[in-house]
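Below you'll find the structure, written out as structure tokens, and then a few comments.
The values are calculated or read from the model by the stated rules, or taken from the named source; none is laboratory data. Since the model is a prediction, treat every value here as computed from it, not as a measurement. Cβ placement follows ideal geometry from the backbone for every residue including glycine, while neighbour counts extend to all protein chains displayed. Just the protein is used for accessible areas: all its heavy atoms, side chains included, with ligands, DNA and RNA removed. Shrake-Rupley method; radii C 1.70, N 1.55, O 1.52, S 1.80 Å.
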Amino acid sequence: LKGHDHHMHKEIHEQPASLQMTLRGRVNAADRKFVLGGLTSLERQLPNVERALLFGCGSAWHAALIGEYMLEELASLPTSVEYASELRYRNPLIERGTLAVGVSQSGETADTLAALREVQTRGATTVGVVNAVGSSVARETDAGVYLHVGPEIGVASTKAFLGQVVVLAMLAGYMGRRRHLSDDRLIEFLEGLEALPDKVKEALETEQQMKELAYALCDREHWLYLGRGVNFPAALEGALKLKEVSYIHAEGLPAAEMKHGPIAMIDKGMPVVVLAPKDGVYSKVLSNIEEVRSRGARVIVVTSADDPELDQLAHDVVRVPETHSLLSPVVTSIPLQLLAYHAALAKGRDVDKPRNLAKSVTVE
Ligand code: F6R
């Protein structure tokens with residue numbers, strides 16, 4: 001474990017290096033290109049791709065939701081995301097030109113594999129976004145891009161989740177380059193990706209603050225995680241991390257949905273974690289923070305903004321570095337992983353082997 005008490009802690013701290021591996025040889029801002037060798041066999045089919053269908057389970061499904069924003073924004077590709085378990089039991093309509101992307105750390109998740117086989121029989125071209133080399137999903141897809149983050153031992157996914165997000169980002173850029181993405185936006189995105197490992201390293205410096213918050217608040221039974229845009233799925237992932245390793249009840253929501261019902265739950269001191277990087281929806285998120293704060297929530301804000309108004313509004317401000325706006329979930333996720341880890345320890349949980357969970361879910 002090389003100086004770490006748990007695999008989860010080691011894997012959280014490995015992320016600057018594991019993302020470097022994910023990006024290595026694939027992103028080249030100087031040459032303005034993405035090199036995704038695993039997709040070369042699809043070169044002739046790619047011009048016919050008209051839509052993308054992403055599927056997976058758990059954290060992989062959250063990564064896919066972030067991928068949806070990226071594919072739509074960078075590649076103008078209409079994209080939908082499905083739970084693998086739901087996709088397989090519907091009558092999925094696979095139109096011509098559908099690129100179906102299965103996202104899975106293990107490559108052995110039964111529902112994901114079954115969904116893959118289902119869309120394949122219906123004529124989709126399939127791509128795997130997988131960590132485990134030679135796994136079933138990797139073998140059965142037409143093409144793929146490995147995460148290359150190394151083995152993940154902790155049951156709660158951390159470095160594989162971020163690896164999935166980064167691979168989907170590269171896929172979006174790769175598709176964008178073949179479609180409508182301008183050179184300027186392409187270069188900006190490539191540079192954003194290249195800068196990520198250092199930004200993740202900086203975000204890891206939030207650990208002491210997250211540990212103190214975890215110990216101070218771990219007796220609260222219900223938590224909310226809020227975000228908008230790409231940070232909505234990051235909020236879902238933050239809530240899932242807390243649930244699975246600390247067994248505290250948490251829910252992720254799009255920040256603006258609060259007023260349509262969930263805000264009724266807020267009472268004095270309820271922890272609400274808000275993801276508010278400085279991006280196009282920042283001012284909107286500020287109003288959402290006001291809404292929950294005025295109802296008594298204990299507001300923890302993860303942000304890249306240096307804003308006195310925010311300092312006034314939030315009880316705790318957790319600072320992460322600024323990134324390309326589509327890539328911000330990669331840094332906002334770091335303090336949420338650390339919060340979940342320390343909350344689990346504060347509650348005396350077996351953080352690497354949470355009850356009722358297995359690393360790879362090979363039953364339906
Ligand atoms: C969450 C977690 C699970 C997995 C899910 C899919 O931390 O580990 O939600 O993400 O079971 O697993 P893979 O990616 O192996 O298909």
task: Mind listing just one residue for me: the one in the stretch 80-114 that is away from the ligand (no atom under 11 Å from the Cβ), in a helix (DSSP H, G or I) and open to solvent by less than 50 Å² (accessible area, probe 1.4 Å) and, of those, farthest from Arg51 (Cα to Cα)?
output: Ala114
message: Tell me which helices (runs of 4 or more DSSP H) are completely within the stretch 139-230 and hold 1 or more residues being in contact with a Leu (Cβ under 7 Å, 6 or more places away or on another chain), more than 14 Å from the ligand (Cβ to nearest atom) and over 29 Å from Pro271 (Cβ atoms), or say none if there are none.
response: 159-177, 183-203
- prompt: Can you find even one residue in the stretch 144-159 that is open to solvent by 10 Å² or more (accessible area, probe 1.4 Å), farther than 26 Å from Ala235 by Cα and at pLDDT 95 or above?
  reply: yes
- prompt: Looking at Gly25, is it over 29 Å from Ala340 (Cα atoms), at pLDDT 95 or above and assigned to a loop (DSSP other than H, G, I, E, B)?
  reply: yes
- prompt: Among the listed residues Val330, Val351, Val361, which satisfies the condition of being closer than 30 Å to Val137 by Cβ, open to solvent by 10 Å² or more (accessible area, probe 1.4 Å) and either more than 16 Å from the ligand (Cβ to nearest atom) or aliphatic (A, V, I, L, M) (or both)?
  reply: Val361
- request: Could you list all residues from the stretch 115-138 that are part of a strand (DSSP E or B) and either free of Cβ contacts under 8 Å to residues at least 12 places away in the same chain or more than 9 Å from the ligand (Cβ to nearest atom) (or both)?
  value: Thr125, Thr126, Val127, Gly128, Val129
message: Is it the case, given these coordinates, that Glu72 is within 20 Å of the chain's Cα centre (by Cα) and over 19 Å from Thr22 (Cβ atoms)?
response: yes
statement: Of (1) farther than 19 Å from Phe34 by Cβ; (2) crowded, with 20+ Cβ neighbours inside 10 Å, Phe189 fails just (1)
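Residue-by-condition table, conditions (1) within 20 Å of Gly58 (Cα to Cα); (2) free of Cβ contacts under 8 Å to residues at least 60 places away in the same chain:
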| position | (1), (2) |
| --- | --- |
| Ser304 | no, yes |
| Val320 | no, no |
| Pro329 | yes, no |
| Thr332 | yes, no |
| Ala346 | no, no |
| Ser360 | yes, no |
- line: When restricted to Ala305, Ala314, the only residue among the hydrophobic types (A, V, I, L, M, F, W, C) and buried (at least 22 other Cβ atoms within 10 Å of the Cβ) is Ala314
- request: Sort out which residues of the stretch 45-79 are hydrophobic (A, V, I, L, M, F, W, C), within 14 Å of the ligand (Cβ to nearest atom) and in a strand (DSSP E or B), and write them in order of number.
  value: Leu54, Phe55
query: Taking Leu286, is it among the hydrophobic types (A, V, I, L, M, F, W, C), outside any strand (DSSP E or B) and within 29 Å of Asp5 (Cβ to Cβ)?
result: no
- prompt: Just checking, how many residues over the stretch 246-274 are within 14 Å of the ligand (Cβ to nearest atom) and in contact with a Leu (Cβ under 9 Å, 6 or more places away or on another chain)?
  reply: 3
query: Could you say which residue among Lys259, Lys243, Lys201 is at pLDDT below 95 and open to solvent by 80 Å² or more (accessible area, probe 1.4 Å)?
result: Lys259
